[in-house]
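Single-structure report; data block below.
The values are calculated or read from the model by the stated rules, or taken from the named source; none is laboratory data. Note that the structure is predicted; figures quoted are calculated from it, not measured. So basically every Cβ, Gly included, is an ideal-geometry build from the backbone, and we count neighbours across all protein chains shown. These area figures cover heavy atoms from the full protein model, side chains too; ligands, DNA and RNA do not enter into them. Shrake-Rupley method; radii C 1.70, N 1.55, O 1.52, S 1.80 Å.
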Amino acid sequence: MSPVSLGMPAAPPPVLSPRRKTRQIRVGSVGVGSDSPVSVQSMTTTPTTDINSTLQQIAELNAAGCDIVRVACPSQDDAEALPIIAMKSPIPVIADIHFQPKYVFAAIDAGCAGVRVNPGNIRKFDDQVGAIAKAAQDAGVSIRIGVNAGSLDKRLMEKYGKATPEALAESARWEASLFEEHDFHDFKISVKHNDPVTMVRAYQLLAESGDWPLHLGVTEAGPAFQGTIKSATAFGALLSQGIGDTIRVSLSAPPVEEVKVGSQILQSLGLRPKKLEIVSCPSCGRAQVDVYKLADDVTEGLKDLTVPLRVAVMGCVVNGPGEAREADLGVASGNGKGQIFVKGEVIRTVPEDQIVETLITEANRIAEDMDVAEGEESGAPTVTVAG
């Protein structure tokens, strides 16, 4: 019997670039800025007036890894629902305000952790900044200045002809200056566009102009597949330069999917601790098993695992053994059977129809050992391997 270490590396994962230094703000219990981890946001799709459904969706988002949630507040009835939602939500709530400035004050009074304002479509917004800044300051509420290509100020549209990166950045800088004139600094900025290239350049311009925390988003990104590609491309470009302090993946899909994609983007860049990672081959003429089904079945069977675990599902004897050895847990399949590896050592060989069951069993056993080890003062978690 020999122990196989399952300890996590002592050093943090490498990142492509250090975070850009920003001022620090708080959205309720969540810090936003370069001194805090990049956070994941989403937005509820339920009617805000349906308090129970909204809180249920927030609970699902929280379970999926969402750090901050935004709720729409287009009417007085929505504003009246905010106090209960803000009080009972397990994560900080941001009220999303358009058109009516009075709802900014209602959201602050309701106890929301933050308010998102869209200067381009709130009536006489610039005239309201002083009052909004005072109310937010007194209540300890942060603001997001949300500039959007689809509702850019008419003056800037006339100046630039369309929502260019320069137009988006100029709008954001102007609104930021108004808040700062009133000595209010607890705000972050977003400059959203549906084109990733335009969006990336707008954020780069902002990052060059000041130390504001930045909320990243590609607006109207599209259905799940297209929106995922657009968001991953834009976020990857910016986060790899150290730009971005909180993100929201906008998808025409259930909001939990937004959180999953956002979390995975951060994990892939070393900006969020990794949980379950499935490494699987794309299959080819050498494969002797149905790799697609095998990987899907293993992923489904391990979907509730919360420990950082890398599982390799390989379909042939060329790269399979090497990849399986490098993972925490892996299988190299072929000739109707699979070799099961734990931390580089073969622990058993099983028939093909037992591969999924065996991997799930071993993964859960490793997870239990990791959970036990978390409570111990020293020593890495281990699993005993027969040999």
Margin query: Between a residue in the stretch 109-121 that is closer than 23 Å to THR219 by Cα and open to solvent by 10 Å² or more (accessible area, probe 1.4 Å) and any residue that is in a strand (DSSP E or B) and not β-branched (Val, Ile, Thr), which pairs come within a Cβ distance under 6 Å, given they are 6 or more apart or on different chains?
Written below: ARG116/ASP96; ARG116/ARG144; ARG116/GLY146
Notebook entry, point to check: Within the set of pairs 6+ apart or on separate chains, which have a first residue in the stretch 315-342 that is more than 16 Å from LEU276 (Cα to Cα), a second that is modelled with pLDDT of 90 or more and among the aromatic types (Phe, Trp, Tyr), and C-beta atoms under 7 Å apart?
Noted result: ARG325/PHE341
Next item on the list: Could you please tell me which pairs satisfy a Cβ distance under 9 Å, a separation of 6+ or placement on different chains, a first residue in the stretch 303-314 that is touching a residue at least 12 places away in the same chain (Cβ under 8 Å), and a second residue that is open to solvent by less than 10 Å² (accessible area, probe 1.4 Å) and of a type in the set (S, T, N, Q)?
Entry: VAL313/SER333; MET314/SER333
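Could you look through the stretch 144-187, keep only residues that are charged (D, E, K, R) and touching a Lys or Arg at 6+ places or on another chain (Cβ under 9 Å), and pick out the one that is farthest from GLY120 (Cα to Cα)? So that I can check it myself, show each step before the final result.
Of all residues in the stretch 144-187, those charged (D, E, K, R) come to 144, 153-155, 158-159, 162, 166, 170, 173, 175, 180-181, 183, 186.
Cutting the leftovers down to touching a Lys or Arg at 6+ places or on another chain (Cβ under 9 Å) gives us 144, 166, 170, 186.
On the way: ARG144: 13, GLU166: 15, GLU170: 12, ASP186: 20 Å.
That would be ASP186.
Give the residue that is surrounded by the most Cβ atoms within 10 Å (Cβ to Cβ), with candidates limited to residues of the stretch 180-197 that are within 28 Å of GLY262 (Cα to Cα) and over 21 Å from the mean Cα position of the chain (by Cα).
In the first step, residues of the stretch 180-197 are kept if they are within 28 Å of GLY262 (Cα to Cα); the result is 185-197.
Add one more test, that the residue is over 21 Å from the mean Cα position of the chain (by Cα), and what stays is 185-186.
On the way: HIS185: 17, ASP186: 20.
The qualifying residue surrounded by the most Cβ atoms within 10 Å (Cβ to Cβ) is ASP186.
For every residue, the table says whether it meets (1) of a type in the set (D, E, K, R); (2) in a helix (DSSP H, G or I); (3) out of contact with any strand residue (DSSP E or B) (no Cβ under 8 Å at 6 or more places or on another chain); (4) open to solvent by 20 Å² or more (accessible area, probe 1.4 Å).
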residue	(1), (2), (3), (4)
LEU206	no, yes, no, no
ASP211	yes, no, yes, yes
GLU220	yes, no, yes, yes
ASP297	yes, yes, yes, yes
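Let me confirm something: among GLY146, GLY130, GLY227, which residue is within 16 Å of SER250 (Cα to Cα), of a type outside the set (A, V, I, L, M, F, W, C) and part of a helix (DSSP H, G or I)? Give the derivation first.
Values: GLY146 fails: part of a helix (DSSP H, G or I); GLY130 fails: within 16 Å of SER250 (Cα to Cα).
Sole residue among the options that is within 16 Å of SER250 (Cα to Cα), of a type outside the set (A, V, I, L, M, F, W, C) and part of a helix (DSSP H, G or I): GLY227.
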Item checked: Residue ID - modelled with the highest pLDDT, chosen from residues in the stretch 309-342 that are surrounded by fewer than 17 Cβ atoms within 10 Å (Cβ to Cβ) and either among the β-branched types (Val, Ile, Thr) or in a loop (DSSP other than H, G, I, E, B) (or both) -> GLY336
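Which of the residues spanning the stretch 37-60 are under 18 Å from PRO273 (Cα atoms) and surrounded by 19 or more Cβ atoms within 10 Å (Cβ to Cβ)?
Residues of the stretch 37-60 that are under 18 Å from PRO273 (Cα atoms), as a first pass: 37-41.
Those that are under 18 Å from PRO273 (Cα atoms) and surrounded by 19 or more Cβ atoms within 10 Å (Cβ to Cβ): VAL38, SER39, VAL40, GLN41.
Wholly within the stretch 31-122, which helices (runs of 4 or more DSSP H) include no fewer than the required count, namely at least 1 residues that are modelled with pLDDT under 95 and in the same structural domain as THR246 (by the TED database)? Full working, then the answer.
Details: elements: 51-64, 76-88, 102-109.
Filter on the stretch 31-122 gives 51-64, 102-109.
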Note to self: For a quick check of your reading of the model, give me the residue pairs whose first member lies in the stretch 204-215 and is in contact (Cβ under 8 Å) with a residue 40 or more places away in the chain, whose second is of a type in the set (Asp, Glu) and open to solvent by less than 20 Å² (accessible area, probe 1.4 Å), with beta-carbon atoms closer than 8 Å and at least 6 apart or on different chains.
What the structure shows: PRO213/ASP245; LEU214/ASP245; HIS215/ASP245
Note to self: Checking the structure you have, find out if any residue of the stretch 243-253 is at pLDDT below 95, surrounded by fewer than 24 Cβ atoms within 10 Å (Cβ to Cβ), part of a loop (DSSP other than H, G, I, E, B) and over 14 Å from the mean Cα position of the chain (by Cα).
What the structure shows: yes
Checklist line | Complete set of residues in the stretch 74-95 that are within 23 Å of the chain's Cα centre (by Cα) and open to solvent by less than 10 Å² (accessible area, probe 1.4 Å) | finding: ILE85, VAL93, ILE94, ALA95
Check: In this structure, is GLU175 in a helix (DSSP H, G or I) and at pLDDT below 95?
Finding: yes
Next item on the list: Select, from VAL291, VAL350, the only residue that is at pLDDT 85 or above and either open to solvent by 30 Å² or more (accessible area, probe 1.4 Å) or of a type in the set (A, V, I, L, M) (or both).
Entry: VAL350
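More than 20 Å from the chain's Cα centre (by Cα), among the small types (Gly, Ala, Ser) and either surrounded by fewer than 18 Cβ atoms within 10 Å (Cβ to Cβ) or not assigned by the TED database to the domain that holds GLY33 (or both), is that true of SER177? Don't jump to the end; show me each part of the working.
Details: more than 20 Å from the chain's Cα centre (by Cα): yes; among the small types (Gly, Ala, Ser): yes; either surrounded by fewer than 18 Cβ atoms within 10 Å (Cβ to Cβ) or not assigned by the TED database to the domain that holds GLY33 (or both): yes.
Here the answer is yes, as SER177 does meet what is asked.
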